[in-house]
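First up is the structure itself, then whatever we jot down about it.
The values are calculated or read from the model by the stated rules, or taken from the named source; none is laboratory data. Everything numeric in this text was worked out from a predicted model, so none of it was measured. Cβ sites come from the backbone with ideal geometry, for glycine too, and all protein chains shown count toward neighbours.
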Amino acid sequence: MKRHQVNGVVQYRFDGLEEIENLCHAILTRLGGVSQGPYATLNLGHTVGDDAEAVEENHRRALSPLGIHPDRVVSPWQVHGARVEIVDKQHLGTVRPKTDALLTVTAGVPLMMRFGDCTPVVLCDPVRRVVGIAHAGWRGIVAGVVESTVRTMSEQLGCNPDDVWAGLGPTIGPCCYEVGADVAREIEEACPAGSQVIERVNGRIHADLPSAVEAQLKQAGIRRIERTGLCTSCRVDEFFSHRAEDGHTGRFGIVIGWQDE
């Protein structure tokens, strides 16, 4: 994974996507915006209590280096579910209702999702020219958003899982994600038998969300998986973390889309 800075806006890019022609993507951070206080500085979340004008300016600053106008982005209203939507140019500039995964095959349709601890799952099939993002917190993992997204790619867009690459963005790591016994049990039951997704440290239970997502991706047939290894809770210098910042914080964004040729 490579770190870049353009006009003060810091972004990362997955190694596995760098050589794919006409593909634009970025893992944005919290650096390079104008928001203040707990939202400092590149908050892209509209519903967390930040000043609306600051959020709009943050979108302009974040997307300009990617050649994307904020009015064209397709994003979802994320609800920790498993609904997947395939979008195209008729959806430009819209927020898709109660959706936790977006897919597109259409050039010029940039997808954006916002995160603050949940696991971002970025997907790309360069053969069928499909890209997507899924939002996988513990509830989404239990609801089956990973399996639903891969199944939609296969059944509706003709993807072969062998051709699909998956990237797991910055997310809260097992080092920082303590959970109760009930949540731990639900996560374990949602993953293939034998998956190492729960850790016990000094009598406390910690969930490993990226390992749970990876186990579900492998169960769905995807083998090419790249993990950033960045814990949002440990790295509040670069990312927002709902857990580390007691729920009073912003959201960073991830963007992917095929460029117009």
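Observations
- In segment 206-261, the residues that are part of a strand (DSSP E or B) and more than 26 Å from Pro192 (Cα to Cα): Phe252, Gly253, Ile254, Val255, Ile256, Gly257, Trp258
- Positions within segment 1-27 being of a type in the set (A, V, I, L, M), modelled with pLDDT of 95 or more and under 27 Å from Asp163 (Cβ atoms), in sequence order: Leu17, Ile20, Leu23, Ala26, Ile27
- For segment 3-33, the set of residues classified as among the hydrophobic types (A, V, I, L, M, F, W, C) and over 14 Å from the mean Cα position of the chain (by Cα) consists of Val6, Val9, Val10, Leu17, Ile20, Leu23, Cys24, Leu31, listed by residue number.
- Gly16 vs. criteria in contact (Cβ under 8 Å) with a residue 24 or more places away in the chain and either among the acidic types (Asp, Glu) or closer than 17 Å to Thr249 by Cβ (or both): no
- Scanning segment 103-143 for residues that are of a type outside the set (Gly, Ala, Ser) and part of a loop (DSSP other than H, G, I, E, B) returns Val105, Thr106, Val109, Pro110, Asp117, Cys118, Pro126, Val127, Arg128, Arg129.
- Residues that are surrounded by 15 or more Cβ atoms within 10 Å (Cβ to Cβ) and among the small types (Gly, Ala, Ser) within segment 220-261 comprise Ala220, Ser233, Ser241, Ala244, Gly250, Gly253, Gly257, listed in sequence order.
- Unmet requirement for Arg151, which otherwise passes all of (1) in a helix (DSSP H, G or I); (2) in contact with a helix residue (DSSP H, G or I) (Cβ under 7 Å, 6 or more places away or on another chain): (2)
- Among the residues of segment 45-94, those that are farther than 27 Å from Val130 by Cα and aliphatic (A, V, I, L, M) comprise Val48, Ala52, Ala54, Val55.
- Residues of segment 55-78 classified as surrounded by fewer than 17 Cβ atoms within 10 Å (Cβ to Cβ) and of a type in the set (A, V, I, L, M, F, W, C), total: 1
- Ala54 passes every criterion in (1) of a type in the set (Gly, Ala, Ser); (2) assigned to a loop (DSSP other than H, G, I, E, B); (3) without any contact (Cβ under 8 Å) to a residue 40 or more places away in the chain apart from (2).
- Residue in segment 81-97 that is surrounded by fewer than 21 Cβ atoms within 10 Å (Cβ to Cβ), within 27 Å of Gly180 (Cβ to Cβ) and without any contact (Cβ under 8 Å) to a residue 24 or more places away in the chain present: no
- Some residue of segment 191-200 being more than 30 Å from Gly32 (Cα to Cα), in a strand (DSSP E or B), modelled with pLDDT under 95 and of a type in the set (Lys, Arg): yes
- Selection count, segment 19-51, where residues are assigned to a loop (DSSP other than H, G, I, E, B), more than 21 Å from Glu245 (Cα to Cα) and touching a strand residue (DSSP E or B) at 6+ places or on another chain (Cβ under 7 Å): 2
- Checking segment 33-41 against the condition returns no match, with no residue being surrounded by 15 or more Cβ atoms within 10 Å (Cβ to Cβ), within 19 Å of Gly93 (Cβ to Cβ) and hydrophobic (A, V, I, L, M, F, W, C).
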